[in-house]
Amino acid sequence: MKPIQLFDPASSTYTYVLFDQLSREAVIIDPVDEQLERDLATLQEYGLKLVWTVETHAHADHITSAGRLAELAGARTAAPLGCGIGTAGVQLQHGDTLKFGAEVLQALHTPGHTAGSMSFLWREHVFTGDTLLINGCGRTDFQSGDAKDLYRSLTQVLFALPEATTVWPGHDYQGRSFSTIGQEKAGNARIAGKTEAEFVTIMDSLQLPKPRRIDEAVPANLSSGLRQDADGVLQMLPSPAVGAHQGSYAGDVSPELAWQWVQAGEAVLVDVRTDAEREWVGFVPGAVPVAWKQWPGMAMNPEFDRQVREAAAGKKLVLLCRSGVRSIAAAKRATELGLEAYNILEGFEGDPDSNAQRGHKGGWRRRGLSWRQN
Ligand SMILES: N[C@@H](CCC(=O)N[C@@H](CS)C(=O)NCC(=O)O)C(=O)O
Ligand SMILES: [Fe+2]
């Protein structure tokens, strides 16, 4: 069985999709933001359910689509512990495994290109990120790179694998697509037959230009490619047409129905906006404030979990945010916690544009269901 290898020409990045043939559960390694549509189409074409997005490191040359894939395809996010990607739901350590169907992907800590960098082993395939490239290796001159660490990762971790292991690199700048451990051990120009000192000299004299997008890419990749607004709230996409949300929470309810339930004592209204938003935009009487600052698949937020459980007190939950996007994510998380959670459509404000087009007042406030506290 072989991985699906996909290429992003702008950054010369390889993205890999691996899947279990029976269950169709899939993993994507190093997905690229600009290739989101292609990757979703690939998953659809092969009939796959994406269960994991995985990063080999926090990239300097492109932005990951991991956060967007988590939101759109329902995948969980994983990244090496040492990379500082705090939004990843699973922080991988050396030897950790990710399961997809009956298949297993194993993490190998291979520092050097960056301190946290990892390679991933699946059957007789190794995905080396920027640790080992074909007849090359990742540079070590930025982002906690270290040539001595890279020497050890190459010679002691990757070259310890069986020689027939196929090497699938994170990049290739010359159109090559894969190699083997045996070939790289014997002929890689930077490392084959070199002492540590020789390797360090080679790496120190490369004088490569800085990646064009490094200043934009590294910070974005530390939050799985999702941008943050002024409040530090991760921006999510509007509900996608692919219907990935269906079935993952109890349902969508109109503001009127939600309010009826609340007044009848059947449901608790949880307002997932931030304190700043509530101050500025307006309060909902009786709502329990529990700010949402995560999305499904990212690192756990025990505070949100604890507060939302406490708020529910055995009742249904109806979740409100500003425009009806974050409340979906929060409803999904509450559902994972075993609660009966509904999303309130159109949020507090509604979507002014679409409401204007449809000629009706949308949102909680526009329907007069709350007022500003003074
Ligand atoms: N020219 C590329 C950067 C290429 C680059 O520096 N690639 C890194 C991987 S992120 C590397 O380690 N390259 C090793 C090499 O070129 O030998 C850009 O501007 O984005
Ligand atoms: Fe890199």
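Could you name the aspartates and glutamates whose alpha carbon sits less than 17 Å from that of K148, not counting residues in the same chain fewer than 8 places away?
D130, E196, E198, D204
Counting alpha carbon pairs within less than 8 Å and at least 6 residues apart, what relative contact order, in whole percent, applies to the chain?
The value is 13 percent.
Loop only per DSSP, at most 13 neighbouring Cβ atoms within 10 Å: give me the trypsin sites (Lys or Arg not before Pro) in the stretch 121-188, ordered by residue number.
Here the sparse-neighbourhood loop sites are R176.
How much of the accessible area of the stretch 4-225, in percent, comes from carbon and sulfur atoms when a 1.4 Å probe is used?
52
Report, by chain and number, residues whose modeled amide H sits under 5 Å from the one on L269, excluding near sequence neighbours (fewer than 5 apart, same chain).
Long-range HN contacts for L269: V288, V318.
When you count, for each residue, the other Cβ atoms within 10 Å and take the mean per peptide, how do 19-25, 109-115 rank with the highest first? Mind dumping the intermediate values first?
On the way: 19-25: 16.0, 109-115: 25.4.
The densest-packed peptide leads the list: 109-115, 19-25.
Past the 26 Å Cα-Cα mark, which pairs from K185/K210; K49/K210; K293/K316? Don't jump to the answer; show the numbers that get you there.
Values: K185/K210 28 Å; K49/K210 37 Å; K293/K316 21 Å.
K185/K210; K49/K210, as the Cα separations exceed 26 Å there.
At 1.4 Å probe size, with every protein chain present, just tell me what the per residue accessible area of the chain comes to in Å². Don't skip to the end; give the middle numbers.
Details: 16120 Å² over 374 residues.
Each residue of the chain exposes 43 Å² on average to a 1.4 Å probe.
So what is the relative contact order for the stretch 4-225, in percent, with contacts set as C-alpha pairs under 8 Å and at least six apart?
19
The values are calculated or read from the model by the stated rules, or taken from the named source; none is laboratory data. These figures come from a predicted structure and were not determined experimentally. Neighbour counts run over all protein chains shown; Cβ positions are idealised from the backbone, glycine included. What goes into the accessible areas is simple: the full protein's heavy atoms, side chains included, and nothing from ligands, DNA or RNA. Shrake-Rupley method; radii C 1.70, N 1.55, O 1.52, S 1.80 Å.
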